[in-house]
Amino acid sequence: MNFLGWCPVEDDLEKPKIINEILNFTIFIKNFIEFPLFNIKHKNMVENLKSCIFHPIKNPDCPIFRLGYIIDEAEKDRQERELMLRFGGVIRVKIDWDCNLDRKIKLCKPKYSFARLDTAFSEETFSVGFNFRFASHWKHGRKYLRSLKKAFGLRLIISVNGKAGKFDFITLTLNTGSLIGIFGLATFFCDIILLNLTKKASVYRDYVIQRAHTGETRDNSVFQITKERDENSATILENPHTDDRKYSQLFWTTESFGQFSDTAGTQSSSNLIDRNQLLRLQPGLGLTNIIN
């Protein structure tokens, strides 16, 4: 029985070595984004890349990051960061775009965030960190040789999330109409609940619903008063229960309510005004309310 494998055999007890000044290494993240609905393409570039290093306050637009800054943002524990540099790890780099296309596209800048995706070393006992193997091939004389290497390092997974918006009058109109409709339904359902399901529904009903009484309506209507003066006359009063009384024009009777005259000083008859006849002649006097 023959066994084939790599020589020499891998030694798991040998710990990997950390590369000096690895925290000062820089990573250039170049990102392009497109909004097909608005036919716009954009990128996270600045005019001068040679002299810029990303800083959240001083230089937030630069796409060049120090590896030390990325690890510090992804993992806050110092011991875990040292183990990540030795045994590797997986870090997510998230780029968020939120663009207002009513302004210039150059004013739209991405926001960066970092998070650790692999399990912490204090919680995992098997296959910790991140590593991969690769083979190197070469030729020595007439023989082809190869060697297997196991590398530990940091793996960066970049995710991009983008959204953009622009003012649209039709969308504004539809949203406004929907909002008005929602408020209308809310008032309807609130009235149903308050009028039928609450303990003090009768109190709310007295404030909302106005009741009309037939007797009070008739008392407030127009009526007539007859007086005895030098001549037989009739005066029409409107709304006698109000503070300001308004009198209609004085009219005189020369016949038994057959004809009326507006001329003052005509000779009047001794007949008093008949209420039933006045009711029949009411439309001719320009009155529209019921006379009691």
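The values are calculated or read from the model by the stated rules, or taken from the named source; none is laboratory data. This structure is a prediction, so every number in the text was calculated from the model and none was measured. Note that we place each Cβ from the backbone using ideal geometry, even for glycine, and neighbour counts take in every protein chain shown.
Yes or no, residue by residue, for (1) in contact with a His (Cβ under 7 Å, 6 or more places away or on another chain); (2) in a helix (DSSP H, G or I); (3) under 19 Å from ILE158 (Cα atoms):
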| residue | (1), (2), (3) |
| --- | --- |
| HIS42 | no, no, yes |
| ILE57 | no, no, no |
| GLU80 | no, yes, no |
| LEU83 | no, yes, no |
| ASP96 | no, no, yes |
| ASP102 | no, no, no |
| ALA120 | no, no, no |
| ARG133 | no, no, no |
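Close contacts from the stretch 23-47, counting a first residue that is within 13 Å of LEU101 (Cβ to Cβ) and not assigned by TED's automatic domain parsing to the domain that holds GLY68 and a second that is among the charged types (D, E, K, R) and part of a loop (DSSP other than H, G, I, E, B), with Cβ to Cβ under 6 Å and a gap of 6+ residues or different chains, come to none at all. Scanning the stretch 141-158 for residues that are exposed (fewer than 11 other Cβ atoms within 10 Å of the Cβ) and either farther than 20 Å from LEU13 by Cβ or modelled with pLDDT of 85 or more (or both) returns GLY141, ARG142, LYS143, TYR144, LEU145, ARG146.
Which residue is nearest to PHE28 (Cα to Cα), if the candidates are limited to the stretch 103-143 and must be in contact (Cβ under 8 Å) with a residue 12 or more places away in the chain and of a type in the set (S, T, N, Q)?
Step one: list which residues in the stretch 103-143 are in contact (Cβ under 8 Å) with a residue 12 or more places away in the chain, which gives 105, 108-118, 120-122, 128-136.
Remaining after also requiring of a type in the set (S, T, N, Q): 113, 122, 131, 136.
Details: SER113: 15, SER122: 31, ASN131: 22, SER136: 27 Å.
Filtering the stretch 103-143 for residues that are in contact (Cβ under 8 Å) with a residue 12 or more places away in the chain and of a type in the set (S, T, N, Q), the one nearest to PHE28 (Cα to Cα) comes out as SER113.
Confirm whether LEU148 is farther than 26 Å from ILE19 by Cα and of a type in the set (A, V, I, L, M, F, W, C). The answer is no for LEU148.
Among the residues of the stretch 109-118, what is the count of those that are in contact with a Phe, Trp or Tyr (Cβ under 9 Å, 6 or more places away or on another chain) and either exposed (fewer than 11 other Cβ atoms within 10 Å of the Cβ) or not in a loop (DSSP other than H, G, I, E, B) (or both)?
If we filter the stretch 109-118 for residues that are in contact with a Phe, Trp or Tyr (Cβ under 9 Å, 6 or more places away or on another chain), which is where we start, we get 109-112, 114, 118.
From what's left, either exposed (fewer than 11 other Cβ atoms within 10 Å of the Cβ) or not in a loop (DSSP other than H, G, I, E, B) (or both): 111-112, 114.
The total comes to 3.
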